[in-house]
Amino acid sequence: MPVMSGVPGPDLLPIGQVVAEVQASYPDVTHSSLRFLEREDLITPTRTAGGHRLFARHDVERIRQIKTWQAQRLSLDQIRQRLLDLDRLSAPAALAESFLQLALDGNQAAAYQSIIKADDLGVPLTRLFGEVLQPALSELGRRWEHGELLVAQEKEVSELARDLIADLSLRHARTPAEGPALVAACVEGERHELGLRMVCGLLRAEGWPVHYLGADVAPRFLLEAVQIHRPAVVLLSVKLALNLHAVKDAVDVLTSGLAPEHPPPVVVGGRVAVEHSEAVRNSGAIPVIDEHPAAGLAVVAALIQPSTAAIAPADDGTRSQPLARDQPG
């Protein structure tokens with residue numbers, strides 16, 4: 001176990017804080033259970049000079065993954081092997097490159113399984129979306145724009161990515177609890193929807209009900225969805241600059257159609273929101289100024305944070321009651 005010298009950094013957490021965080025999803029986690037995982041060499045927290053355990057964020061995620069596998073009834077030996085496989089897994093950039101090359105070579109099954117295996121091994125959904133699939137799709141688009149790929153190749157790989165986004169989203173979706181709903185759509189004329197699908201998947205993984213309308217949604221249909229579902233936030237996506245005007249069209253229709261009520265906040269993501277953020281603001285919407293799917297999740301969460309207490313964490317039906325808390329350290 002590594003021993004720390006000097007003052008612990010703010011990104012290192014004491015064991016008590018880790019227990020409190022993880023207990024929100026896994027109530028059976030205690031100080032003793034974390035020490036057990038350490039004795040089994042499944043986690044390796046840092047030690048202070050005084051012998052107190054400190055955990056980095058990646059340690060906390062590792063603990064959550066172990067608890068998920070335990071809930072799935074995996075043995076310690078199976079968990080140990082999965083952790084070894086996870087540690088050997090390629091970095092996200094290399095995984096993105098491998099996925100794209102396999103898909104372009106026509107090996108769709110291997111490309112698909114490379115992502116599913118990473119998910120099975122516990123790579124977070126935010127990383128699979130934002131650091132693997134999104135970069136792979138960006139490179140796919142770049143090659144197509146430069147004439148390095150046929151349209152047929154671009155479409156085939158895009159459809160594979162669409163299937164993966166759907167399957168991964170279903171794997172991680174929590175049953176929506178009572179809480180704020182969202183309506184999501186691509187603005188009228190916008191056909192690029194895979195980025196928005198990723199954001200919707202991340203939102204559903206947090207337990208938020210999302211009503212996704214798809215690509216190229218006319219403002220009047222967006223208004224119908226808002227009138228039906230009464231969302232806390234409307235999430236729009238626009239990639240091409242020629243569709244920027246559609247943001248204002250959508251906001252104007254919502255404003256007039258819902259009067260005298262105020263429309264819900266409208267959040268806009270996609271390349272246009274990054275490159276033309278001021279124009280998006282002038283349209284009456286909130287731009288997401290980073291194309292990583294987690295950025296959209298963060299903006300939406302900040303808007304509806306006061307209501308998120310109503311959203312319960314996922315329950316896999318395997319939880320036990322918390323054990324008596326033992327001494328810290």
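The values are calculated or read from the model by the stated rules, or taken from the named source; none is laboratory data. Computed from a prediction, not measured in an experiment: that's the story for all the values here. Note that each Cβ is placed from the backbone with ideal geometry, even for glycine, and that neighbours are counted across all protein chains shown.
Of all the residues that make up the stretch 62-74, how many are surrounded by 15 or more Cβ atoms within 10 Å (Cβ to Cβ) and out of contact with any helix residue (DSSP H, G or I) (no Cβ under 9 Å at 6 or more places or on another chain)?
Just the residues of the stretch 62-74 that are surrounded by 15 or more Cβ atoms within 10 Å (Cβ to Cβ), to begin with: 62-71, 74.
If we keep only those that are out of contact with any helix residue (DSSP H, G or I) (no Cβ under 9 Å at 6 or more places or on another chain) too, we end up with 68, 71.
Residues flagged as surrounded by 15 or more Cβ atoms within 10 Å (Cβ to Cβ) and out of contact with any helix residue (DSSP H, G or I) (no Cβ under 9 Å at 6 or more places or on another chain) within the stretch 62-74 amount to 2.
Need the failing condition index for residue 163 against (1) in the same structural domain as residue 297 (by TED's automatic domain parsing); (2) at pLDDT 95 or above; (3) of a type outside the set (A, V, I, L, M), just the number.
The failed condition is (1).
What's the number of the condition residue 85 fails, among (1) surrounded by fewer than 16 Cβ atoms within 10 Å (Cβ to Cβ); (2) at pLDDT 90 or above?
Against the list (1) surrounded by fewer than 16 Cβ atoms within 10 Å (Cβ to Cβ); (2) at pLDDT 90 or above, residue 85 comes up short only on (2).
Take residue 236 and decide whether it is assigned by TED's automatic domain parsing to the domain that holds residue 296 and either under 19 Å from the mean Cα position of the chain (by Cα) or basic (Lys, Arg) (or both).
Numbers: assigned by TED's automatic domain parsing to the domain that holds residue 296: yes; either under 19 Å from the mean Cα position of the chain (by Cα) or basic (Lys, Arg) (or both): yes.
So residue 236 passes the test.
Say we look at the stretch 241-284 and pick out the residues that are under 20 Å from residue 226 (Cα atoms) and acidic (Asp, Glu); which of these is modelled with the lowest pLDDT?
261
Taking the condition touching a Phe, Trp or Tyr at 6+ places or on another chain (Cβ under 8 Å), among the acidic types (Asp, Glu) and more than 21 Å from residue 253 (Cβ to Cβ), does residue 206 pass?
Working: touching a Phe, Trp or Tyr at 6+ places or on another chain (Cβ under 8 Å): no; among the acidic types (Asp, Glu): yes; more than 21 Å from residue 253 (Cβ to Cβ): yes.
When the stated conditions are applied, residue 206 does not pass them.
Can you name the residue in the stretch 18-39 that is among the charged types (D, E, K, R) and at pLDDT 90 or above and, of all such residues, is farthest from residue 206 (Cα to Cα)? Working first, answer last.
Kept after step one, since they are among the charged types (D, E, K, R), are these residues of the stretch 18-39: 21, 28, 35, 38-39.
From what's left, at pLDDT 90 or above: 28, 35, 38-39.
Working: 28: 21, 35: 29, 38: 29, 39: 32 Å.
Step by step, filter the stretch 18-39, then rank; the result is 39.
Considering only the stretch 103-123, how many residues are farther than 22 Å from residue 82 by Cβ and either among the acidic types (Asp, Glu) or at pLDDT 95 or above (or both)?
Residues of the stretch 103-123 farther than 22 Å from residue 82 by Cβ: 103-108.
Next cut, either among the acidic types (Asp, Glu) or at pLDDT 95 or above (or both) only: 103-105, 107-108.
Selection size over the stretch 103-123: 5.
Filter the stretch 137-187 for residues that are of a type in the set (Gly, Ala, Ser) and free of Cβ contacts under 8 Å to residues at least 12 places away in the same chain; which is farthest from residue 234 (Cα to Cα)?
Going residue by residue through the stretch 137-187, those that are of a type in the set (Gly, Ala, Ser) are 138, 141, 147, 152, 158, 161, 166, 169, 173, 177, 179, 181, 184-185.
Going one step further and asking which of them are free of Cβ contacts under 8 Å to residues at least 12 places away in the same chain, we end up with 138, 147, 152.
On the way: 138: 25, 147: 36, 152: 33 Å.
Out of the qualifying residues, it is 147.
Could you list, ordered by first residue, the pairs with Cβ atoms under 6 Å in which the first is in the stretch 289-301 and in the same structural domain as residue 279 (by TED's automatic domain parsing) and the second is surrounded by fewer than 20 Cβ atoms within 10 Å (Cβ to Cβ), at least 6 apart or interchain?
289/274; 289/277; 291/274; 294/126
Condition first: over 11 Å from residue 241 (Cα atoms) and out of contact with any strand residue (DSSP E or B) (no Cβ under 9 Å at 6 or more places or on another chain). Now tell me which residues in the stretch 263-288 satisfy that.
Residue satisfying the conditions is 282 alone.
If a residue must be buried (at least 19 other Cβ atoms within 10 Å of the Cβ) and not in a helix (DSSP H, G or I), how many such residues does the stretch 245-270 contain?
Matching residues across the stretch 245-270 total 7.
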